[in-house]
Amino acid sequence: MIRIGDISVARVWESSIRLPLRQLGPVDELVARHRDWLHFRFADPVDDMFEFEWQSWIIDVDGLVIVVDPCAGNGRERPHIQPLHHLDPPWLDRFAATGYMPERVDAVFCTHLHCDHCGWNTRRVGDRWVPTFPNARYYFVDREVHRWTPDTPGHRAVDYNANVFEDSVKPVLEAGLAVIVSANHRIAPGVVIESAHGHSDGHCVLRIDYRGIRLRFTGDAFHHPLQVSETALNLGGDDDLASAIATRETLRSTIASEGSYFIPAHFPAPHAGRIIAAQDGQFRFAPLAY
């Protein structure tokens, strides 16, 4: 559990894999330049591999309980992402271990509708997919729903997101629990969806602003701390790479200038932190100590 001011944030871990830093792009010279903070926490000094985490966040803001990015889900057909294919970890047990039950959740927000950010929107009951959070409103950004609805004219299918709309989005729509909103929508006082397009057409972040504390849950705007310093690095899968890079640059400047806390979707421990702007114009991820 992370406690930041009067806001509590619980992490629900699903799974993780080790990936090479070179998957982000040509990094040899960058690793040498950033070695002082990159090794040992964010890259193995022996082989420059890093932990890529699949995790969700439960936020409690004055009794309003919000789930952000409910991971990949169990029992899914994801043959193009083998670590998520027929996954079966005890995610719901881990969720309950935080002290919250799915029935207690008031709102669910998916930064985007890639398979690993909306899977636990639903769970399988018999031969049906049903909403996991029966008392919540699910906030879907209109551009993102349009992007992934298969019968949309000009729909661009991608292998890694096959079946996702059918098993993780459509059942929520059919249950009447979805709220389709535009970017820059206020869910509640101090809880705002903000545009952060690029990784996906409708990708957004969630800003929490409560009693002088500000947090941003940034989804896949960043996949690794090195991208805070080197925004051109990318893990792939972007709908619009140029926009994704521009989003990273805007977010890092905003987070640094505001002194916001920064909670991405996939960072390894300690998972959250701040962004520091140095006098030479360079930016660096500063992990949270807790």
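Take Phe285 and tell me if it is in contact with a strand residue (DSSP E or B) (Cβ under 9 Å, 6 or more places away or on another chain), surrounded by 16 or more Cβ atoms within 10 Å (Cβ to Cβ) and not in a loop (DSSP other than H, G, I, E, B).
When the stated conditions are applied, Phe285 passes them.
Could you please give the count of residues in segment 22-34 that are among the aliphatic types (A, V, I, L, M) and within 18 Å of Ile245 (Cβ to Cβ)?
Total meeting the criteria: 3.
For segment 95-106, give me the residue count where each residue is surrounded by 12 or more Cβ atoms within 10 Å (Cβ to Cβ) and either of a type in the set (A, V, I, L, M, F, W, C) or farther than 13 Å from Met1 by Cβ (or both).
7
Kindly establish whether Arg211 is basic (Lys, Arg) and on the phi > 0 side of the Ramachandran plot.
Criteria met by Arg211.
Filter segment 118-161 down to the residues that are of a type in the set (A, V, I, L, M) and either in contact with a strand residue (DSSP E or B) (Cβ under 7 Å, 6 or more places away or on another chain) or within 12 Å of Asp239 (Cβ to Cβ) (or both) and list them by number.
Of everything in segment 118-161, those that are of a type in the set (A, V, I, L, M) and either in contact with a strand residue (DSSP E or B) (Cβ under 7 Å, 6 or more places away or on another chain) or within 12 Å of Asp239 (Cβ to Cβ) (or both) turn out to be Val130, Ala136, Val141, Val145, Val158.
Which count do you get for residues in segment 29-46 that are in contact with a helix residue (DSSP H, G or I) (Cβ under 9 Å, 6 or more places away or on another chain) and over 15 Å from Pro268 (Cβ atoms)?
So the count comes out to 4.
So, of the residues in segment 196-252 that are assigned to a loop (DSSP other than H, G, I, E, B) and among the β-branched types (Val, Ile, Thr), which turns out to be nearest to the chain's Cα centre (by Cα)?
Thr218
Within the group Asp167, Asp159, which residue is acidic (Asp, Glu), more than 24 Å from Ala246 (Cα to Cα) and either touching a Phe, Trp or Tyr at 6+ places or on another chain (Cβ under 8 Å) or buried (at least 21 other Cβ atoms within 10 Å of the Cβ) (or both)?
Unique residue meeting the criteria: Asp167.
Determine the pairs where a residue that is in contact (Cβ under 8 Å) with a residue 24 or more places away in the chain, located within segment 121-137, has a partner that is in a strand (DSSP E or B) and of a type in the set (Lys, Arg) with Cβ atoms under 7 Å apart, the partner being 6 or more residues away or on another chain.
Matching pairs, first to second residue: Val130/Arg123; Thr132/Arg123.
Please find, among Ala277, Ala183, the residue that is at pLDDT below 95, over 30 Å from Gly126 (Cβ atoms) and in contact with a Phe, Trp or Tyr (Cβ under 6 Å, 6 or more places away or on another chain).
It is Ala277.
The values are calculated or read from the model by the stated rules, or taken from the named source; none is laboratory data. Bear in mind that the values here come from a model prediction, so they are computed numbers and not experimental data. When we count neighbours, we look across all protein chains shown, and the Cβ atoms used for this are built from the backbone with ideal geometry, even at glycine.
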